[in-house]
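A.B. asks: The structure's right below; bear with me while I get my questions together.
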Amino acid sequence: MAAAASVALAQVYSEVEGLVIRVLLCACLLVWSGAVSLSAEEERSPWDLDALLQSLSSASAVESEFRESRHRGFRRVPADFRGTMRWDAELGLSLSYSEPRTQVMLIRSDAVFQSQRGRSPRRMPSSEESDFLRAILLDVFRFDRAVWEASFDIVAEFDEDRWSILLNPLEDSEVAGMVERIEISGEADAVRQLEIWRDERSRVEIEIRDSRTVEQWPESVLREAFFRETEDGEEP
Amino acid sequence: MKRLSLVWFLCLAAVAVGLAFVSWSERLSANVGDLLPEGEAVEGRLVRSWVQSKQAGIVWAVLHAPDQADGLWSFVESELGEMSVIEGVYRLDETAWVEDQAEFWWRQRLGLRFPQWWEGHAEKDPQSMARAAVEDLDQFLAEPDAFVWDELIPGDPLLLIPSGLSVLQSEAIGGTDTIPLMLTLRGDPLDPVVQEALTDGMEALRISLQNEWAEADWRYSGVVRFAQANRQGISAEVGRLNVAIFVSVLALMFLLVRSLKPLLAVAVVVAGSVVCGAGAVIVLYDQIHVLALVLGAILAGIAADYAIHTITGKGALKGILFPLLLGFASTAIGFSLFLAAPLPLLQQTGVFVLSGLAGALLTALSVRAWLQPADAALLGRHLPVIKAPRLPVFVTVPAIVMLVLLAASRMEWTDDLRMLEYPTPELYALEADIQAQIHTAPDAEVLLVTGRDWREARERLSEVLQRLDGPLDSAIKIWEWIPDPALLGDLEAWLEREGDAFAEALACELDRADFEVQAFEPFFEDWRQWRASVSEPNYWDRLVAETSAALSGPLMLLFSAGDGEQPAWFTLSVDKAPEQLAQLEALPGVVRHSQLTHLNTLFAEYRSSLMGLILVAAAVMAAVLFAFLRVREFFLVLGVVCGAVSISFAMLSLWRSGLDLFDLMGAFLGACLILDYSLFALNARRHQRPMPVSIHLSAVTTASSFLWLSSSSVAAVQHLGQTVSVCVLVGWLLTWIFVHGKD
């Protein structure tokens, strides 16, 4: 139906003269066809943004495997990392890297902590980069529309079970100077990829797989990934 | 006589009024650092300067904040900011305080860090150094947490700042729920006003925290807290002991004599002597250590002794004048030697006692002019009648010798500065707990490496570092930011020889390893500028002076500029075996900061020098006695004095472990009093009179006064009290038996 309407409008266009009218008609065509297209996709997808965010945020503790590629502006090849990612609404986001080095990073609202095997966790120096991590990653993983809308303009696309979300920082938001855009994509209620673009030459790609909801973290995970003291008072 | 005595009383009244207007809180000090001599060796001055100028102005605190409760830190930060006595707040679990000076570190990164980097490469070939630099950079970027430095890498491909900041940031300070803090104080930390303001502010903060966040915990410690506890403890004790001694002396006098006249005489003479003693120290010293007044309490015993002798010696004044003046002269000569003692505390005690003695003598004679002396027999009517025990000399003397020999085998000297402190075990426990959370190795020794100027201090530091094998405990290795001047000289020559070869090689290696060379232009631009400046005259001195001026927060504790008499110094924390520490300490300019070891050595030196002074004083006193006494009398008196001191030391050695400086002082005072008793007893024997009541009264009151001192919490005062009371009681007994009672 949308295609037929476009053809009809194109015929009208050929008969109309005058630049202003042509521009106006072109704009109308784009807006209308876009709207029709989105509504057609929504019709095909069981998801909408609110439903997706509600589903993603419903799990308060999730564990996934991840692969991270860092593209730096000063280097032609990316640096690759692998590990296990654990999200806990209360304890923060823990990234347990296994390749190429073993290291755990815990991102909390107040600070970023780092621990290498066998050593006590230490607070990482506050820097533009660590502030960025805290501000962006924690907000993103909350999947809270209100939180997102406070800092980003949201564009969502759905195609059956697959979806993608583009977060563009609002001009007056705190994150505007930190990030150019964030792209999140996934399937059904699982996030598959996260791309954080600092600028056109620097970005971080995170591929996420094998996500599973966790009822309760084992003691060893609490100790090693979230740096929580265990009952016997030991710290990693 | 009455007119002269009236003039004297008026003088005393004038001095007393003057003393009432003295600001005692400002003039009295309870700071242990003030016990050290002014003109001491450089090490002692340095330690004192370190304690007073650096350590005293710092408060260490720990905020335990479970789950990092929202708003908790902001609240604490805001409350601390409102305290007028707090100047700076530095969180030790992060490097914000280092980053406050980020611009300085960044600007000087090549000057401060490149020499060390260059030294770390055995091969000084630009090509291989560049290759190693790029390999290091590659490895570094493979670290997951390297992202925090991404912004800096184009200006610092040699990683001078990341590696440098890691030595400025302490390793693993604080847990995830603990925030360790360093606070710097505004104003003099030893000023009671500052101390009170800090205590009040901290207590208010603790209460507010507990009201808002039940699980939050706030603890703090520091020199200021110890100083305050010490001052409050000693001040309270001075008041308690003074009242107890005064009341007990008056009560004993009333009980034994039951006459108001001797009571009045003792009260007036003791007051007169204290006024004279206090007046003299106030005039001569800006800061009087409160312990000088506590030790000066020995004056009360002698003053009471004079009062009793003068008021009970009915008859012509000359009847008592000989033993009184001979006793005064010998005691005064003895205490005058304290003026030459190396410890300021002993000097002040010497001045206090010496002027107090003169005041006591003059007041006692003045009192005699106004109060008719009582009949000794009348005064002694309430004393229990006890005959002098008659002990055969051939049994007593060998027994005494045996006892002394037994004790001599157990006798040992201990020298511990802590015995001058008011005991605060709870503060020590708190301090240990806080330090355990702030430092990775709280038991590590801190060494101060000193020099007349920066160059000498840095060269000595290089020597110390060469001697140390294995890793250093030091969390913060400031010297890694201060290049050795000799090293900088070698680097200059290398730069001269190699020209731009290193920069060119680095660019090639970066390109080969898939880096965008153009992105590193900020580094190459700074490199060219630095190369031009490094060959300027006095570059090293300017660099170090600028660095010293730029340091703040915990870094300011790490090194200090030399100005005039104050030497330059670096600190380093070393967790090494004692024998290795001793070897390091033997190097020129190395001082162990944990002062106790060092200060205790000084203390031992003071004890041996005091022992020398006392022996000289004893010889002078013996010479005076020898001039005025018959030979037999002289040896009798000498035997009694030496015997009493030996027996007392023997008893104390068997009773508790270790004798110290204050036992020595106590024994000297005891000897002076026993000498007094012997002379009066001898005088009575010459005139075939009974043992003077004044000796019994003086011995009882003096012993009771010093028994009170032995209840002090300050170990030094306690030991002084024990020694004097034992000495006086033993001397009294020996005087009674051998000097008077023998006939």
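A.B. asks: For a quick check of your reading of the model, give me the residue pairs whose first member lies in the stretch B:231-253 and is closer than 12 Å to residue B:290 by Cβ, whose second is part of a helix (DSSP H, G or I) and among the aromatic types (Phe, Trp, Tyr), with beta-carbon atoms closer than 8 Å and at least 6 apart or on different chains.
C.D. replies: Every condition considered, the pairs that remain are B:241/B:708.
A.B. asks: I would also like to ask the following. Which ones in the stretch B:133-145 are within 9 Å of chain A (Cβ to nearest Cβ), closer than 26 Å to residue B:123 by Cβ and buried (at least 18 other Cβ atoms within 10 Å of the Cβ)?
C.D. replies: B:141, B:143
A.B. asks: Scan the stretch B:528-538 for residues that are open to solvent by 20 Å² or more (accessible area, probe 1.4 Å) and either touching a helix residue (DSSP H, G or I) at 6+ places or on another chain (Cβ under 7 Å) or closer than 15 Å to residue B:484 by Cα (or both) and jot them down.
C.D. replies: Scanning the stretch B:528-538 gives B:531, B:533, B:535, B:538.
A.B. asks: Would you please name the residue that is farthest from the other protein chains (Cβ to nearest Cβ), looking only at residues in the stretch A:96-134 that are more than 15 Å from residue B:93 (Cβ to Cβ), modelled with pLDDT of 70 or more and not in a strand (DSSP E or B)?
C.D. replies: Looking at residues that are more than 15 Å from residue B:93 (Cβ to Cβ), modelled with pLDDT of 70 or more and not in a strand (DSSP E or B), I get A:134.
A.B. asks: Moving to a separate point now. Just checking, which of B:637, B:624 is modelled with pLDDT of 85 or more and in a helix (DSSP H, G or I)?
C.D. replies: Matching residue, one of B:637, B:624: B:637.
A.B. asks: Take the stretch B:582-621 and flag every residue that is modelled with pLDDT under 80, open to solvent by 40 Å² or more (accessible area, probe 1.4 Å) and more than 25 Å from residue B:414 (Cα to Cα).
C.D. replies: B:588 - this is the single residue of the stretch B:582-621 that is modelled with pLDDT under 80, open to solvent by 40 Å² or more (accessible area, probe 1.4 Å) and more than 25 Å from residue B:414 (Cα to Cα).
A.B. asks: Is it the case that residue B:272 is farther than 30 Å from residue B:696 by Cα, surrounded by 18 or more Cβ atoms within 10 Å (Cβ to Cβ) and assigned by TED's automatic domain parsing to the domain that holds residue B:358?
C.D. replies: Against the criterion (farther than 30 Å from residue B:696 by Cα, surrounded by 18 or more Cβ atoms within 10 Å (Cβ to Cβ) and assigned by TED's automatic domain parsing to the domain that holds residue B:358), residue B:272 does not qualify.
A.B. asks: Here is a further query. Here are B:492, B:459, B:463, B:498: which of them is surrounded by fewer than 18 Cβ atoms within 10 Å (Cβ to Cβ), modelled with pLDDT of 75 or more and within 19 Å of residue B:160 (Cα to Cα)?
C.D. replies: B:492
The values are calculated or read from the model by the stated rules, or taken from the named source; none is laboratory data. In this text the structure is predicted, and so the values were computed from the model without any measurement. Positions of Cβ are backbone-derived with ideal geometry, glycine not excepted, and every protein chain shown enters the neighbour counts. Accessible surface is based on the protein model in full, side chains and every heavy atom, while ligands, DNA and RNA are left aside. Shrake-Rupley method; radii C 1.70, N 1.55, O 1.52, S 1.80 Å.
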